[in-house]
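Chemist: One structure is given below, represented as structure tokens, and several questions about it will come after.
The values are calculated or read from the model by the stated rules, or taken from the named source; none is laboratory data. The shown structure was predicted, so the numbers you read here are calculated from the model rather than taken from an experiment. Backbone-built Cβ (ideal geometry, glycine too); neighbour counts: all protein chains shown. When the accessible area is computed, the model is the full protein with side chains, heavy atoms only, and any ligands, DNA or RNA have been set aside. Shrake-Rupley method; radii C 1.70, N 1.55, O 1.52, S 1.80 Å.
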Amino acid sequence: DYESALWARSVSKRLGNTAIGFPCAEDMLLHLCYHATEGHQFSIGPLALVDLALLAQRHQLDWERILRRASNGWRRYLLAPLYLAKLHLGADIPDWVMGELDVEGDKSHWLESAEYLIFSELDDHMLLNAGMQKILCSKNPLERIAAFGKIVFPTRAAIATHFPVSPDSAAAFLYYPRHWRR
């Protein structure tokens, strides 16, 4: 099964006196791409691209093995994050790999959306950090309550950047529970 094969390929590193098993670099790359695309629908922020670029830089990846493992439907999770890591961070991903993944040769239908989603988180994190700073540092209790309210109840426009709803629609308020879970 998949899980036993994953652990059979794992590597072991010593941390202190303990040996800890980690997925091999190729499996870790597949996981990072899946996590960014399917797990977070690109709302994970650019850190995912940094992880991919560092993995490609620090490990001698077997790209043919990655493509073979991804042939079972996982290729759709690889193209966008690898392309964006290569485009924005110069990740060491061979052009022939990108060619194998991009069989349609037309990035226009997903590139703008993927970039928007992955980089839109920067604004969210900056707003969250500014709000937390006011909550923790302000001496004015009303200012602290207002900052907390903005974090818990963002504007409809902010909700619309993460969920399939118009920023002008009152239905955006129905997405608060999903926003809180995120």
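Chemist: Treating the angle as unsigned and between 0 and 90°, give the value, to the nearest 10°, between the Cα long axis of helix 25-34 and the longest Cα principal axis of the chain.
Modeler: Approximately 40 degrees, to the nearest ten.
Chemist: Take S10, S113 and sort them by solvent-accessible surface of the protein heavy atoms, 1.4 Å probe, largest at the top. Before the final figure, lay out the partial values.
Modeler: Numbers: S10 40, S113 70 Å².
I get S113, S10, largest accessible area first.
Chemist: Quick one: length gained pulling T155 to H35 fully straight, 0.36 nm per residue minus the C-alpha distance?
Modeler: Working: separation 120, 0.36 × 120 = 43.20 nm, distance 2.70 nm.
Contour length minus the Cα-Cα distance gives 40.5 nm.
Chemist: Mind jotting down the three principal axis lengths of region 46-96 based on Cα atoms? Whole angstrom, largest first.
Modeler: Computed over the Cα atoms, the extents are 27, 21, 18 Å.
Chemist: Under a Cβ-only charge scheme (Lys and Arg +1, Asp and Glu -1), can you give me the dipole magnitude of the chain about the Cα centre, in debye to the nearest 20?
Modeler: Values: 19 positive and 21 negative charges, 181 e Å.
Magnitude of the dipole: close to 860 debye.
Chemist: Follow-up question, since we're still on this one. Please give the solvent-accessible surface of C24 in Å², to the nearest 10, using a probe radius of 1.4 Å with every protein chain present.
Modeler: 10 Å²
Chemist: Name the lysines eligible as straight-distance cross-link partners of K86: C-alpha to C-alpha under 16 Å, and not fewer than 8 places from it in the same chain.
Modeler: Partners within reach: K107.
Chemist: May I pose another question? Suppose only helical runs count, i.e. DSSP H with n ≥ 4. What mean residue ellipticity at 222 nm does that imply for the chain under -39500 (n - 2.57) per run, divided by all residues and rounded to the nearest 500 deg cm²/dmol? Show your work: numbers first, answer last.
Modeler: Details: 10 runs with 108 residues, N = 182.
Taken over the chain, the calculation gives -18000 deg cm²/dmol.
Chemist: In what order, largest first, do K107, K139 sit by accessible area if the probe radius is 1.4 Å?
Modeler: Working: K107 55, K139 190 Å².
Listed by decreasing accessible area, they come as K139, K107.
Chemist: For A170 and S138 in the same chain, what is the full-extension length gain: residue separation times 0.36 nm, less their Cα-Cα distance, in nm? It would help to have the intermediate numbers written out before the result.
Modeler: Numbers: separation 32, 0.36 × 32 = 11.52 nm, distance 3.18 nm.
Value of the extension gain: 8.3 nm.
Chemist: Between D62 and L89, what is the label-to-label distance in nm when each label sits 7 Å out along the Cα-to-Cβ direction?
Modeler: That separation, rounded to one decimal, is 2.4 nm.
Chemist: Please work out the Kirkwood hydrodynamic radius for region 1-88, using every pair of different C-alpha atoms, and report it in angstroms with one decimal place. Let's see the in-between values first.
Modeler: On the way: mean 1/r = 0.0726 Å⁻¹.
Hydrodynamic radius (Kirkwood, Cα only) of region 1-88 equals 13.8 Å.
Chemist: Which residue, N17, Y77, P46, has the largest displacement toward the positive end of the dipole of region 1-119 when charges sit on each Cβ (Lys, Arg +1; Asp, Glu -1)?
Modeler: N17
Chemist: Here's a follow-up. Please express the shape of the chain as an equivalent ellipsoid: the semi-axes are the square roots of 5 times the eigenvalues of the C-alpha gyration tensor, given largest first in whole angstrom.
Modeler: Square roots of five times the eigenvalues give 36, 22, 15 Å.
Chemist: So what are the ³J(HN,Hα) numbers for region 67-83, from phi and the Karplus equation (6.51, -1.76, 1.60; θ = phi - 60°), rounded to whole Hz, Gly and Pro as x?
Modeler: 5, 5, 5, 7, 6, 8, x, 7, 4, 5, 7, 8, 4, 4, x, 5, 4
Chemist: Same structure again: Does anyone have the angle between helix 141-152 and the longest principal axis of the chain? Alpha-carbon axes, 0 to 90°, nearest 10?
Modeler: 40 degrees
Chemist: Just to check I understand the Karplus step: with θ = phi - 60° and J = 6.51 cos²θ - 1.76 cosθ + 1.60, what whole-Hz values come out for region 163-173, glycine and proline as x?
Modeler: So the J values, rounded to whole Hz, are 10, x, 8, 6, x, 8, 8, 5, 5, 4, 5.
Chemist: Right, here's the next one. Which percent of the accessible heavy-atom area of the chain goes to carbon and sulfur, probe 1.4 angstrom?
Modeler: Values: 6710 of 11650 Å².
Here it works out to 58 percent.
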